[in-house]
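In what follows, a structure is listed as structure tokens, so that the remarks can point back to it.
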Amino acid sequence: MTKRICSVQSGTILVLVICLSLLQISCRMMTSTKVKPLHSYDNQVQALLAKMTLEEKIGQMIQLDQEFLKDPQDIATYFIGSILSGGGSDPKAGNSLKAWADMYDGYQKYALKTRLGIPILYGVDAVHGHNNVLNAVVFPHNIGMGCTRDPDLVRKVGRITAIEMRATGVQWTFAPCVTVPRDDRWGRTYEGFSEDPAIVDMLGEAAVQGFQGKDLFDPLSVAACAKHYIGDGGTRAQIVEGDAAQSSRRVRLDQGDTVIDEAGLRAIHLPPYITAVNAGVATIMPSFSSWNGLKCSASKRLLTEILKGELGFEGFLISDYRAIDQVHPDYKTAIGISINAGMDMGMIPSKYKEFFQNLKELVQEGVVPISRIDDAVTRILRVKCAMGLLDKDRSQLADRSLWDSFGSDEHRQVARQAVRESLVLLKNENKTLPLSKEAKRIHVAGNSADNIGVQCGGWTIDWQGKSGEVTTSGTTILGAIRNTVSADTRVTYSEDGTGADGADIVVVVVGEKPYAEGFGDSADLTLSSDEKAVFANAKKADIPTVVILLSGRPLIVPNMIVQSDAFVAAWLPGTEGQGVADVLFGDFKPRGKLSFSWARSADQHPINVGDEEYDPLFELGFGLSF
Ligand code: GLC
């Protein structure tokens with residue numbers, strides 16, 4: 001009998017295994033369904049292109065920043081193809097959901113009034129949620145998402161971000177940043193998922209799929225933008241002689257020079273772009289930085305031969321912000337070099353009239369062949385066609401029916417899950433964590449504990465982000481702790497770390513002040529003296545001490561790690577601080593794994609897994625649990 005049952009059991013198990021693997025394959029196929037290839041739209045695109053004048057073609061190749069748009073009639077006059085809101089470029093009527101939707105609709109109506117009525121693509125840096133807009137859900141920055149190793153979650157985050165963007169009409173995000181940061185001293189480290197190309201590859205693909213959905217034609221999909229091509233995270237640190245006030249910025253990496261042979265560039269920095277192209281990414285942004293001394297925005301090898309030729313990229317290249325200006329001291333020459341190298345659309349925030357006139361002359365002078373213009377406009381129109389922008393039956397205005405889901409609790413729960421999974425437990429002596437919800441008294445210390453701005457970091461409401469209440473809704477870590485403990489538990493708080501005496505435990509929250517791009521380049525990667533003082537004050541109480549670090553990269557804080565009983569790297573978790581409390585109190589067991597090596601000291605930088613001499617404080621992949 002037993003034998004028979006066994007044989008029946010083993011047969012059942014076999015069938016189950018087969019079903020499971022079939023389910024897994026179909027799931028993978030579902031998520032890995034590639035969007036319809038952009039060249040499938042070429043008949044419609046070529047028919048439209050044939051009708052276009054040179055001026056209408058050149059207009060499609062221009063993206064201006066609404067911040068510098070004095071007369072919206074220019075959108076029609078110059079046949080503008082795209083508008084962006086750079087960081088902080090908010091509606092004049094304020095930063096609300098309605099103000100954004102009204103602004104978008106207002107500009108779109110000018111484009112629809114033109115002879116051919118080609119709608120604009122509106123682009124923003126929705127890099128961790130629709131982070132420019134008040135009360136949008138702000139997710140963990142990519143460094144935290146990298147520690148989740150969870151592509152399904154990244155896909156979900158991308159999808160929610162797309163929906164919240166579409167509620168304002170905006171259909172294009174300059175994300176995902178698929179940089180592979182190799183030196184943590186770079187101010188954009190937190191925009192990267194990992195120093196490991198394989199992690200970036202996996203999560204970058206998921207982000208593209210989240211943003212673009214299964215079909216760009218879906219009115220809830222947005223165009224993604226893999227950036228910054230290529231090697232933006234591999235630049236060589238330059239020592240900059242700054243004055244004493246700038247001592248912490250003695251090093252400069254942002255927009256620098258990536259000195260590496262082509263084999264090295266392909267091994268470290270190219271894989272995420274291969275995957276993004278294969279996933280059907282609609283746009284790619286060349287980097288401000290250089291490769292062996294040549295600006296990426298000027299490199300025909302990079303933009304045309306490798307990306308469009310070898311990888312078969314069918315979408316279009318959007319320059320970075322005034323990046324074309326950096327190609328040559330003479331603006332007209334710079335435009336010619338960059339467009340001939342393969343740039344398709346210029347991000348021309350304010351000088352769009354000059355760009356328009358210069359490019360028109362370059363074509364008339366034969367410097368830029370009309371074939372190059374036609375290729376660029378074909379690529380731009382492919383994306384617009386694929387997104388339904390050329391579909392006369394579809395409204396091109398903001399979908400206000402999505403307003404109920406904007407910033408909704410449902411979206412916030414996904415952000416909370418992302419926070420939970422992103423936290424990395426680096427130390428937990430004597431089972432300090434999880435905390436008890438019934439503790440008599442918990443003291444919370446540090447301004448960062450009650451500071452949505454520090455929690456969110458850069459690219460939040462403002463380009464550089466800002467410390468303090470950024471008047472966007474969310475839950476601080478202090479608020480989350482208060483939400484979680486029992487009614488009998490006292491939670492006390494001090495900004496400076498004093499007053500912990502007599503408490504059962506003190507939770508010290510310290511962090512970096514928000515920054516973005518080159519403003520975050522830093523040689524010493526330590527906390528400010530104020531933040532260090534908070535910890536020192538809290539330690540005087542001589543009670544168990546938990547440290548929560550809010551930072552855009554691994555920091556050099558050896559004393560804090562040694563002197564704390566538990567230490568959690570929370571990165572830049574965004575608005576949903578409740579996810580931090582879920583881990584602190586054990587409602588969610590920490591499972592985050594470092595996606596960057598954690599250096600022992602600043603002079604170890606750059607330090608990356610795979611280095612010949614690899615001796616970090618914590619290795620890539622490290623992370624404890626309960
Ligand atoms: C910035 C950044 C880029 C961003 C663009 C538009 O300078 O380099 O990541 O997408 O400008 O804001």
Provide the per residue accessible area, probe 1.4 Å, for the chain, rounded to a whole number of square angstrom.
-> 37
Note, region 546-559: 3J(HN,Hα) by Karplus (6.51, -1.76, 1.60, θ = phi - 60°), whole Hz, Gly/Pro = x, goes 10, 10, 10, 9, 9, 8, x, 5, x, 9, 9, 10, x, 5
Per DSSP H run of at least 4 residues, take -39500 (n - 2.57); add these up for the chain, divide by its residues and hand me the 222 nm value, nearest 500 deg cm²/dmol.
-> -10500 deg cm²/dmol
Could you give the longest part of the chain that holds none of the GluC sites (Glu not before Pro) found in DSSP loops with at most 12 neighbouring Cβ atoms within 10 Å?
-> 1-240
Please tell me which of these pairs span more than 30 angstrom C-alpha to C-alpha: K466/K532; K70/K214; K156/K440; K92/K513?
-> K70/K214; K156/K440
Percent of accessible area on region 12-404 owned by carbon and sulfur, 1.4 Å probe?
-> 57
When the Karplus curve 6.51 cos²θ - 1.76 cosθ + 1.60 is applied with θ = phi - 60°, which whole-Hz ³J(HN,Hα) does each residue of region 296-310 get, with x for Gly and Pro?
-> 4, 5, 10, 9, 5, 4, 6, 6, 9, 5, 7, 5, 8, x, 5
Inter-probe distance in nm under a simple model that places probes 7 Å from Cα toward Cβ, at T77 and S528 = 4.5
Give the calculated FRET efficiency between L397 and E365 to the nearest 0.05, with a Förster radius of 51 Å applied to their Cβ-Cβ distance.
-> 0.80
Heavy atoms of L572 accessible to a 1.4 Å probe, total area in Å² rounded to 10 = 10
Roughly to the nearest percent, how much of the accessible area of region 555-613 is carbon and sulfur, given a 1.4 Å probe?
-> 45
Any chance you could run the full-extension gain for T53 through K113? It's 0.36 nm times the residue separation minus the Cα-Cα distance, nm to one decimal.
-> 20.0 nm
Check W172: other-chain or 5+ apart residues with amide H under 5 Å from its amide H, H built from backbone geometry?
-> Y122, V124, A223
Ordering of 252-259, 79-86 by packing [mean C-beta count within 10 Å, highest first] | 79-86, 252-259
Any trypsin sites (Lys or Arg not before Pro) in region 321-407 that lie in a DSSP loop and have at most 14 other Cβ atoms within 10 Å would be K392, R394
Sequence-distant or interchain residues sharing an amide H contact under 5 Å with G87, placed H: which?
-> none
Report ³J(HN,Hα) in whole Hz for each residue of region 279-287, in order, from the Karplus equation J = 6.51 cos²θ - 1.76 cosθ + 1.60 where θ = phi - 60°; Gly and Pro get x.
-> 7, x, 4, 7, 9, 9, 10, x, 7
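The values are calculated or read from the model by the stated rules, or taken from the named source; none is laboratory data. Just so you know, these numbers come straight off a predicted model, no measurement behind them. Note that we place each Cβ from the backbone using ideal geometry, even for glycine, and neighbour counts take in every protein chain shown. Heavy atoms of the whole protein, side chains included, go into the accessibility calculation; ligands, DNA and RNA do not. Shrake-Rupley method; radii C 1.70, N 1.55, O 1.52, S 1.80 Å.
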